[in-house]
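The values are calculated or read from the model by the stated rules, or taken from the named source; none is laboratory data. The model shown is predicted, which means the values in this text are computed figures rather than measured ones. So basically every Cβ, Gly included, is an ideal-geometry build from the backbone, and we count neighbours across all protein chains shown. Side chains included, ligands, DNA and RNA excluded: accessible areas come from the protein's heavy atoms. Shrake-Rupley method; radii C 1.70, N 1.55, O 1.52, S 1.80 Å.
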Amino acid sequence: MNQPIRMVGISKRFGSVQALQGVDLKVEPGTLHALVGENGAGKSTLMKVLYGQLQPDEGTLEIEGTLRRFAHSRDAIAAQIGMVSQHYSIIPELTCLENLMLGAEPGAWLEPRSATERASTLADRMGFRFDWNEPASKLSTAAAQKLEILKLLWRESRLMILDEPTAMLSPADSDALYASLHRLAAEGATVIVVTHRLPEVMDHCRDVTVLRGGKRVSSFPVAETDPRQLSEAIIGRSMIETQVEVRVGREPMLVMRDLRIQGDRGQEAVKGATGELRVGEVVGLAGVDGSGQHELFQAITGHAKILGGTLDFLGQSILVASPRQILEMGVRLIPEDRHAEGVVEDWTLEENSSLGLHRLAPFAQGSRVNIRARSEETQKMIDRFQTKCRDRYSLMRSLSGGNQQRFVAARALAHQPKLVLAFQPTRGLDIEGTRQVYAALRDQAQAGSSVLVVSFDLDELLIHCDRILVMEHGRLLEPPADLARDRQAIGALMVGAA
Amino acid sequence: MADFVQFLGLAFVLGVPVVLAAMGGLTSERSGVMNIGLEGKMLFGACVTAMVATSTQNAWLGLVGGIGAAILASLLHGVLTQVYRMDHVISGMSINILAWGGTSYLYSPHFTDRAFGSTIPVVPREVFYLLAVAIPAVIWVYLKRTRGGIRLMAVGNDPEKSRQMGIDPIRVRFMALVATGVFCGLAGAMIVSNTGRFSEGMTSGRGFIALAALIIGGWRPVPTMIACFAFMLFQALQIQFQGQAIFGVMLPNELWLSMPYLVTLLALAGLISKNSVPAGLGKA
């Protein structure tokens, strides 16, 4: 690609929502370009237009000096545009090699030998290694991301769009990813990175375009800006990162001793966790994804098989309590996968508001659900974090991911819960949403609850939590008192280096 | 010994239409279209095969007609589920009901004056024997070694991701449904070849046994074929031993008759959780 990509005056409307309004984007060839903005700013919509998944109502797209109009993704693919979406497009039932080829097979008859040869050449070029005949379901998140990069190379994409590429990656894997992207850019590829993380923009990108509310706010070279100016552009006012005033917890709320939990595949996912949560504190649970956080949450909510140890909630053992009993005792969950564990997408917000809580006040009225109370509660949940929706009768499905998350968080915090377990409560939320959710979690703790937050973003935990625990390979660790908030010490615990 | 060989042969013959129908189910379900309408498509195939063969006095034209009818029924399922987004189970069941009623009407004296039981020219059964073994093998190679095969798997697993990779899921699904029609039509024609005539409801639930075999075979062609033959072993047992005392015990006829269905049920109950369903089954 030798000429810049130009999108001019792109507008797109979904029903009553103007998602994009006359947006311009110019990307210089051979560079990394960051596209930043809050949730709902229109970043993904703009990229879907570029990738042919959406057709703009207005505006033009110019690639290599010619105006283009894509009716499908396959037109964009033919124009050497590739996209890696946030949740990847790897098909787990196919092998790595089949995934690599999918949609861009060299011929009707697959020739595994020559395909493997070409695949290995591409992998070598990037310094990756794959067992090509292994099912893709076995890939780790980081390996899946690498396979996605190779898919772009396989299709000879010259323009690569990456949507939140580091959302699921550990810091080391993120660095490795950017190293790959720099190499590709050096070879002439043009890369657009959609991201929330300003450090990535500052460290790795040459130019940055900021969207807000479906409009382009500004676009400038990264060298001429700083994080403060950038965050101002993103949210419209300066945001100062302050650390919270650390509070010390009071009497114990949840106590675990040598707790051992079985994972989905029968392995011992948590190996003898000992620790406690105290009333009034927000505890951050740091760690790389898959270190046992998920299983620990499952055990506390009564869903996992416990192999040994003790688990007491308010002085009472909950080892054999049912999920329903635990819910009634006041444990609430902001789940990791809200589609699977948190909401029914085909239900309205109102119906979702009492999901799992329908036997409890204020929803229950004898054996029936109090419809009027439910309406009122739903409206409160919507208002709490400004969930954007038409009204409380909207289907959950019609909300964007960030707005669904707002609603789920509000539901978990309603009606004075005793213990709130929050698994990446700010996943998909923008800076302002993140701040609001943590403020609400802190208020809840202040009011006499305990909060346990899992996040893969250590900085987020350091800013918002009173205390940090670390899970590493099924072990629960607490940093020594003098290093309780030391970023490096905690980081070392996370990767098992301490 | 000769009895035993004869017994296995019987199981094979009985298994052939079930294998063909199960392969029809396989292409459909691998593409993500749930298909409980195999029974209906077989029945349409059988009925139209018999009708066309009688009126033209040509067995091969009959076969072509039967396959055509089954393809139409299969495409109807495709239009209902893919274009009009109807629930896959409801659409499949509607097609079964349509087939039960429709074939009965088509073959009634009101509609056609050809008497029941008149002789029909039929395609030699050996053709179907060969196909029942060859088609699973061909599908296996198709899934592993061709562009169409991996696209079929991909669409059945996640249509949205497939679309993102530049594949048109609707097109892939309609192609798969045409194949479903062809295989179900063959299965229906085979049943007609077996008996030399059409009779109401003559598929007698074999489309559902095919579906069960598909599940037990984990939506993989060769294991599915084996499961079909295994089920039909019990039908062969029934034919062989019905009315005879075994070790001095006389089993009631009803038990023998229900045997293949009972075994299917037990096998499903015991095995269903061990196999992975195509992840996109029934998804838009």
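A compact table of results
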| read-out | value |
| --- | --- |
| Of the trypsin sites (Lys or Arg not before Pro) in region A:120-217, those whose Cβ has at most 12 other Cβ within 10 Å and which sit in DSSP loop | A:ARG129 |
| Residue among B:MET42, B:MET232, B:MET165 with the largest mean-square fluctuation in a Gaussian network model of chain B, springs linking Cα atoms under 10 Å | B:MET165 |
| Highest-MSF residue in chain B out of B:VAL249, B:VAL192, B:VAL52 [GNM, Cα springs under 10 Å] | B:VAL249 |
| Lys/Arg +1, Asp/Glu -1 at C-beta; the protein assembly as shown dipole; positive extreme among A:TRP154, A:ALA108, B:VAL249 | B:VAL249 |
| Virtual spin-label span in nm between B:SER55 and B:ILE170, 7 Å along Cα→Cβ | 3.3 nm |
| Accessible surface of chain A, 1.4 Å probe, proportion on carbon and sulfur as whole % | 48 percent |
| Heavy-atom accessible surface that A and B bury in contact, both chains counted, 1.4 Å, Å² to 100 | 2100 Å² |
| Among A:444-455, A:270-281, A:339-350, the order from most to least packed when residues are scored by Cβ within 10 Å on average | A:444-455, A:270-281, A:339-350 |
| Gyration tensor (alpha-carbon) shape descriptor, the protein assembly as shown, a/c threshold 1.5 | prolate |
| B:PHE174 accessible area, 1.4 Å probe, all protein chains in place, Å² to nearest 10 | 50 Å² |
| Residue mean of other protein chain beta carbons inside 10 Å, A:49-58 | 1 |
| Region B:158-284 shape via C-alpha gyration tensor axes, a/c threshold 1.5 | oblate |
| Å² of accessible area per residue within region B:2-274, as computed with a 1.4 Å probe and no ligands counted | 42 Å² |
| Partners for A:LYS271 among lysines (Cα-Cα distance below 24 Å; same-chain residues under 8 apart left out) | A:LYS138, A:LYS305 |
| Chain A: angle of helix A:431-446 to the longest principal axis, Cα-based, in degrees nearest 10 | 10 degrees |
| Helix-only [θ]222 nm of chain A, DSSP H runs n ≥ 4, -39500 (n - 2.57) each, per residue, nearest 500 | -9500 deg cm²/dmol |
| Electrostatic dipole magnitude of chain A [Cβ: Lys, Arg +1; Asp, Glu -1; Cα centre; debye, to 20] | 1120 debye |
| For region A:456-466, 3J(HN,Hα) per residue [Karplus equation, 6.51 cos²θ - 1.76 cosθ + 1.60, θ = phi - 60°, Hz, x = Gly/Pro] | 8, 9, 4, 4, 4, 5, 5, 6, 9, 9, 7 |
| Of B:LEU233, B:MET165, B:SER91, farthest towards positive along the dipole that unit charges on Lys, Arg, Asp, Glu beta carbons give the protein assembly as shown | B:SER91 |
| Among beta bridges that DSSP assigns inside the protein assembly as shown, antiparallel share in %, nearest 5 | 55 percent |
| Too-long pairs where the Cα-Cα distance tops 26 Å, listed order kept, from A:LYS26/A:LYS388; A:LYS43/A:LYS388; A:LYS12/A:LYS151 | A:LYS26/A:LYS388; A:LYS12/A:LYS151 |
| Most to least packed among A:311-321, A:478-488 [average Cβ atoms within 10 Å] | A:311-321, A:478-488 |
| Shape of region B:2-274, Cα gyration tensor, a/c cut at 1.5 | oblate |
| Alpha-carbon centroids, region B:152-207 and region A:1-40: separation in whole Å | 43 Å |
| Cβ-based charge dipole, chain B, positive-most Cα from B:ALA189, B:ILE150, B:ALA279 | B:ILE150 |
| GNM result for chain B, Cα springs below 10 Å: residue of B:VAL18, B:VAL33, B:VAL263 fluctuating most strongly | B:VAL263 |
| Rounded to the nearest 10 Å², the accessible area of A:TYR393 at probe 1.4 Å | 120 Å² |
| Accessible surface of A:ARG247 - all protein chains present, 1.4 Å probe, nearest 10 Å² | 60 Å² |
